Amino acid sequence: MAAMTREETEALIQEVLEVYPEQAKKDRAKHLAVNDQSLEKSNKCITSNRKSQPGVMTIRGCAYAGSKGVVWGPIKDMIHISHGPVGCGQYSRAGRRNYYVGTTGVNTFGTMNFTSDFTEKDIVFGGDKKLAKIMNEIEELFPLNKGISIQSECPIGLIGDDIEAVAKKANKEIGKPVVPVRCEGFRGVSQSLGHHIANDAIRDWVLDGNEGKETGYEVSPYDVAVIGDYNIGGDAWASRTLLEEMGLRVVAQWSGDGTIAEMENTPKVKLNLIHCYRSMNYIARHMEEKYNIPWIEYNFFGPTKIAESLRRIAAHFDETIQAGAEKVIAKYQAEYDAVIAKYKPRLQGKRVMLYVGGLRPRHVIGAYEDLGMEVVGTGYEFGHNDDYDRTIKEMGNATLLYDDVTGYEFEEFVKKVQPDLIGSGIKEKYIFQKMGIPFRQMHSWDYSGPYHGYDGFAIFARDMDMTLNNPCWKQVKVPWKTAESDAVAVAASA
Amino acid sequence: MPSVMLKKNGEGKLVFYVPKKDLEEVAESVEFDSPDKWGGEVVLSDGSKYYFEPMDVPPVFPITLRAKRIDD
């Protein structure tokens, strides 16, 4: 199918909106837009970060998911208590594939689930005593933990427990950081507020009051912190090697494979590097104001964006780092040229639709373009206006933008646009696979990864090829409806 | 009265950020911007206007200040 014109895309949005009742139609219309590169500001064309309509299938998460699952969860040497009923923690346990180094259950606790397992009794009489007891038990059973965070689930806010008081008391008793996080799931419209609350908790309970603390190492002029990289499938490691090769010293990883000590040391760095802008820009802005640390956004998906980012990062430092950046780009050139030479002919011209969280809907576009593919639709689950501002220029004209897309809308768009590949989450995966459309999970890389950095790009290209040119897609349609196709031949030629 | 985070960007221009509104704009003009007086009316690149209480000494950026929105 050829690229759609602006009129066709607008007509498609109108057609999809047709089924809604009047009020819902009016509301949803604000969240769907046709991209127009001439716009500077997204608020002219799209509304975001608003409450989802009752009755639609939204793909969003909750504030607890944003705090425990995204920001705090990957900090490996702390124990994160899912404070409340058992399910929230258990059903999200270890699902995000934040890799880390350490012995689980001894000095790291990333994939374990700690919960206060609320029952009726705790709701009626309050859970503060139980919480205090749990923390003592944790201290006894896991003495190598470096701190505890209390991740509130919905009931905590509803029954009005004073977790801050319990945290302060426990902090005195065990002498380690105890951080209460008020991230009850009902707060806000999506996980995005959870990120913000988690950032504020780090600001108030980790960074504040630690200014004079000895770092235990000598600061160098090349210290940087990697912020907003959750090490999914090893992403942060693939990013870190590039930064270190160009001569920088990564002293903190927020928060994939990160530790509380690294976080405490971050105010000593020279530059904060932000990968996931949506979930961690708050703390970067705070550090800029309070400690005068500049921050920049970077993008390590695909060689074009990596080179761009490395040069932009290097521009903040002296010539040795700038030369280092060029050296790194040159060093990997043969590697990524080979990747492109191998996969581009197999992927050229394929059309992709994305629907991910708060960063990848714009960040991975460059990587697809490096492989000769085209992104024809993109959208954020929980992005804000400033995310769409940054997206407009990345996307082609007359492509689809959809904010907090509903299950129905997404299916209808896909039926009409007929993309060759969809990148979204697990909840969307099987619907589209059953429709016979190749699908990659772009939240946790479909059990693969890393996708960041030059090493990650090779894996990214392989995975996209493996999915798109898989002969199975020809078997999804009934035999009398399939035309003789070349996909089998393409796969056989690999 | 939103809290506004102000900082200077690479070109030395004032960047205006209101966290609650996800508003990130470059300030086109500042009414008083001299060593002995800073503040007044600030016009953003999208045309909206905000008012800061004038100060005797220009603040050190980045800084969070309270601003008044001017609707016209």
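What net charge is computed for the residues neighbouring A:Gln53, neighbours being all others with C-beta under 14 Å from the C-beta of A:Gln53, Lys and Arg scored +1, Asp and Glu -1?
That works out to +2.
If you roll a 1.4 Å probe over the heavy atoms of the protein chains, what accessible area per residue do you get for the protein assembly as shown, in Å²?
Heavy-atom SASA per residue in the protein assembly as shown reads 43 Å².
So, with a 1.4 angstrom probe, what is the percent of accessible area on the stretch A:189-298 that is carbon and sulfur?
Ligands and nucleic acids excluded, carbon and sulfur reach 51 percent.
Round to a whole angstrom and tell me the spacing of the C-alpha centers of the stretch A:197-268 and the stretch A:73-99.
21
Net charge near A:Ala167: determine it from the other residues with C-beta under 15 Å of the C-beta of A:Ala167, scoring Lys and Arg +1 and Asp and Glu -1.
Within the 15 Å Cβ shell, the charges total -1.
Apply the Karplus parameterisation 6.51 cos²θ - 1.76 cosθ + 1.60, with θ equal to phi minus 60°, to every residue of the stretch A:14-27 and state each ³J(HN,Hα) to the nearest whole Hz, in sequence, with x for glycine and proline.
My calculation for the stretch A:14-27 gives 4, 5, 5, 6, 3, 6, 6, x, 3, 5, 5, 4, 4, 5 Hz in order.
How do A:Leu193, A:Leu354 rank by accessible surface area computed with a 1.4 Å probe, from largest to smallest?
A:Leu193, A:Leu354
Pop a pseudo-label 7 angstrom from the Cα along the beta-carbon direction at both B:Val57 and A:Ala94 and give the gap in nm to one decimal.
Between B:Val57 and A:Ala94, the simple spin-label model gives 5.7 nm.
Could you sort A:Leu131, A:Leu158 by accessible area so the largest value comes first, with the probe set to 1.4 Å?
The ranking, largest first, comes out as A:Leu158, A:Leu131.
At what distance in angstrom do the alpha carbon centres of the stretch A:413-459 and the stretch A:1-68 lie from each other?
What the calculation gives is 20 Å, centre to centre.
Are there any residues in the stretch B:53-72 with a reduction of at least 50 Å² in accessible surface when going from the isolated chain to the assembly of protein chains? Probe 1.4 Å, please list them by number.
Buried on complex formation: B:Pro62.
Please report the relative contact order for chain A, taking Cα pairs under 8 Å with a sequence separation of at least 6, and give it as a percent rounded to a whole number.
18
Stretched out fully, how many nm does the piece from A:Ala341 to A:Ala165 gain, at 0.36 nm a residue minus the Cα gap?
That works out to 57.4 nm of additional length.
Could you tell me whether chain B comes out rounded, prolate or oblate from its Cα gyration tensor? Rule is a ≥ b ≥ c as square roots of the eigenvalues, rounded for a/c under 1.5, then prolate if a/b exceeds b/c, otherwise oblate.
It is rounded, given that a/c, with a ≥ b ≥ c, falls under 1.5.
Roughly how far apart, in whole Å, are the Cα centres of the stretch B:19-68 and the stretch A:326-357?
Each part reduced to its Cα centre gives a spacing of 43 Å.
Given the protein chains as shown and a 1.4 Å probe, how many square angstrom of A:Thr111 are accessible, to the nearest 10?
Its accessible surface works out to 50 Å², give or take rounding.
What's the local net charge at A:Glu153, with K and R +1, D and E -1, over the other residues with C-beta under 10 Å away?
0
Quick one: grab the alpha carbon gyration tensor of the stretch A:63-186, order the square roots of its eigenvalues as a ≥ b ≥ c, and give me rounded if a/c is under 1.5, else prolate or oblate depending on whether a/b is larger than b/c.
Oblate shape, in that a/c is at least 1.5 and b/c is the bigger or equal ratio.
Strictly over 22 Å apart at the Cα level, which of A:Lys268/B:Lys7; A:Lys130/A:Lys213; A:Lys344/A:Lys429; B:Lys37/B:Lys68; A:Lys393/A:Lys429; A:Lys44/B:Lys20 would you flag in this model?
Among A:Lys268/B:Lys7; A:Lys130/A:Lys213; A:Lys344/A:Lys429; B:Lys37/B:Lys68; A:Lys393/A:Lys429; A:Lys44/B:Lys20, the Cα-Cα distance tops 22 Å for A:Lys130/A:Lys213; A:Lys344/A:Lys429; A:Lys393/A:Lys429.
Using only protein heavy atoms and a 1.4 angstrom probe, determine the accessible area buried between B and A, summed over both sides, in Å² to the nearest 100.
1100
Which ³J(HN,Hα) values in Hz, rounded to whole numbers, follow from the phi angles of the stretch A:469-476 under the Karplus curve 6.51 cos²θ - 1.76 cosθ + 1.60, where θ = phi - 60° and Gly and Pro get x?
Those phi angles translate into 9, 6, x, 4, 5, 6, 8, 6 Hz.
Taking H placed 1.01 Å from N in the peptide plane, check which residues at least 5 places from A:Asn299 or on another chain put their amide H under 5 Å from its amide H.
Long-range HN contacts for A:Asn299: A:Ser309.
Using alpha-carbon pairs under 8 Å, 6+ residues apart, how would you state the relative contact order of the stretch A:105-182 in percent?
34
Ratio to report: Rg/Rh of the stretch A:290-329, with Cα atoms as the point set and Rh obtained by the Kirkwood method; give two decimals.
That ratio is 1.03, to two decimals.
Reachable lysines from A:Lys477, Cα under 16 Å, same-chain residues fewer than 8 places away excluded?
A:Lys415, A:Lys434
So for the protein assembly as shown, what are the equivalent ellipsoid semi-axes in whole Å, largest first, each being the square root of 5 times an eigenvalue of the Cα gyration tensor?
37, 30, 27
Hey, with R₀ at 35 Å, roughly what FRET efficiency would A:Asn107 and A:Ile296 work out to, going by the Cβ-Cβ distance, to 0.05?
Plugging the Cβ-Cβ distance into 1/(1 + (r/R0)^6) gives 0.60.
Taking the C-alpha atoms of the stretch A:264-382, how large are the radius of gyration and the largest Cα-Cα span, Dmax, in Å?
Considering the stretch A:264-382 through its Cα atoms, Rg and Dmax are 16.8, 50 Å.
From the protein chains alone at 1.4 Å, what is the descending order of accessible area for B:Met55, A:Met373, A:Met466, largest first?
Largest accessible area first, the residues go A:Met466, B:Met55, A:Met373.
Quick one: angle between helix A:453-468 and the longest Cα principal axis of chain A, in degrees between 0 and 90, rounded to 10, please.
50
Explain nothing, just compute: Karplus ³J(HN,Hα) = 6.51 cos²θ - 1.76 cosθ + 1.60, θ = phi - 60°, for every residue of the stretch A:262-275 in order, whole Hz, x for Gly and Pro.
Result, rounded to whole Hz: 4, 5, 4, 7, 4, x, 8, 6, 8, 8, 9, 9, 9, 8.
The values are calculated or read from the model by the stated rules, or taken from the named source; none is laboratory data. From a predicted model like this one, the values you see are computed outputs, not experimental measurements. Note that we place each Cβ from the backbone using ideal geometry, even for glycine, and neighbour counts take in every protein chain shown. Heads up: the accessible areas ignore ligands, DNA and RNA and are worked out on the full protein's heavy atoms, side chains in. Shrake-Rupley method; radii C 1.70, N 1.55, O 1.52, S 1.80 Å.
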